[in-house]
1. Starting from the range 142-153, keep only residues that are under 14 Å from R121 (Cα atoms), then list their pairs with residues that are buried (at least 21 other Cβ atoms within 10 Å of the Cβ) and of a type in the set (S, T, N, Q) whose Cβ atoms are within a distance under 8 Å, requiring at least 6 positions of separation or different chains.
2. So, V10, is that one β-branched (V, I, T), at pLDDT 80 or above and either within 16 Å of the chain's Cα centre (by Cα) or in a helix (DSSP H, G or I) (or both) or not?
3. Do we find that G104 is surrounded by fewer than 17 Cβ atoms within 10 Å (Cβ to Cβ) and on the phi > 0 side of the Ramachandran plot in this structure?
4. Which of the residues belonging to the range 156-184 are polar (S, T, N, Q) and either at pLDDT 90 or above or within 14 Å of A140 (Cβ to Cβ) (or both)?
5. Report yes if N123 is over 15 Å from the mean Cα position of the chain (by Cα), surrounded by fewer than 21 Cβ atoms within 10 Å (Cβ to Cβ) and not aromatic (F, W, Y), otherwise no.
6. Name every residue in the range 57-68 that is surrounded by fewer than 20 Cβ atoms within 10 Å (Cβ to Cβ) and not in a loop (DSSP other than H, G, I, E, B), in order of residue number.
7. Which of (1) modelled with pLDDT of 90 or more; (2) under 21 Å from S89 (Cα atoms) is the odd one out, the single condition P28 does not satisfy?
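The values are calculated or read from the model by the stated rules, or taken from the named source; none is laboratory data. Keep in mind that what you see is a predicted model, and the values were worked out from it rather than measured. With ideal geometry, Cβ positions are generated from the backbone for all residues, glycine too; neighbour counts draw on all protein chains shown.
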Amino acid sequence: MHKNLMLAMVLVVVSVGVARAQIVLFQPPALVAAVMEQDVATVHDLLVRGADVNQQDARGRSSLVVATAIGNLELVELLIKHDAKVNLSDRDGNPPLYWAAELGDPAIVLSLLESGAHADRANRQGITPLMAAARGGHVAVVQQLIDAGADLNATDYTGRTPLLWAAESRNRQVETVIRRAGER
């Protein structure tokens, strides 16, 4: 463990006690917590006061990852407006676009893509946003990602492509959209 982090942990334990130290050490940053609560006014106030928009919690989630995963477009756009990094991934390598595709939210996907999100940013398992959308049967999001240039032939660590993900989830509409895009 890094010396400075170890020293900080010891100081926390000494100042608040062992039981309380666990809560303090693993409590999310104020901005991430406010996003989790979907408290737009507090998020705005924290950003205006200079909160680090890209600070991550103990699980590596930034405020933008959280806002995207819970499907709150207003917060997503507010965080992007305050320079949130649209390609900053969580500890598992999932960028905000992955979460928007997983959720199947076309408005958030569009906002992220227009702000520079990479359509093919894969997580640690090699799963791209297109694969996540295909798995979930989110036809509109699949089309958006294809239109944004997502790689139809990308493979995850098991060798599955977006088309195979769609076939495994038995979603014929998504299969059709992917097949047609591949024929272009």
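1. These pairs meet every condition: A150/T128; D151/T128.
2. On the way: β-branched (V, I, T): yes; at pLDDT 80 or above: no; either within 16 Å of the chain's Cα centre (by Cα) or in a helix (DSSP H, G or I) (or both): yes.
No, not satisfied.
3. Details: surrounded by fewer than 17 Cβ atoms within 10 Å (Cβ to Cβ): no; on the phi > 0 side of the Ramachandran plot: yes.
No: the conditions fail for G104.
4. Here is the first cut: in the range 156-184, the ones polar (S, T, N, Q) are 158, 161, 169, 171, 173, 176.
Scanning the range 156-184 gives T158, T161, N171, Q173, T176.
5. On the way: over 15 Å from the mean Cα position of the chain (by Cα): no; surrounded by fewer than 21 Cβ atoms within 10 Å (Cβ to Cβ): yes; not aromatic (F, W, Y): yes.
Spelling it out, it is not the case that N123 is over 15 Å from the mean Cα position of the chain (by Cα), surrounded by fewer than 21 Cβ atoms within 10 Å (Cβ to Cβ) and not aromatic (F, W, Y).
6. So in the range 57-68, the residues surrounded by fewer than 20 Cβ atoms within 10 Å (Cβ to Cβ) come out as 58-60.
Those that are surrounded by fewer than 20 Cβ atoms within 10 Å (Cβ to Cβ) and not in a loop (DSSP other than H, G, I, E, B): none in the range 57-68.
7. Unmet for P28, out of (1) modelled with pLDDT of 90 or more; (2) under 21 Å from S89 (Cα atoms): (1).
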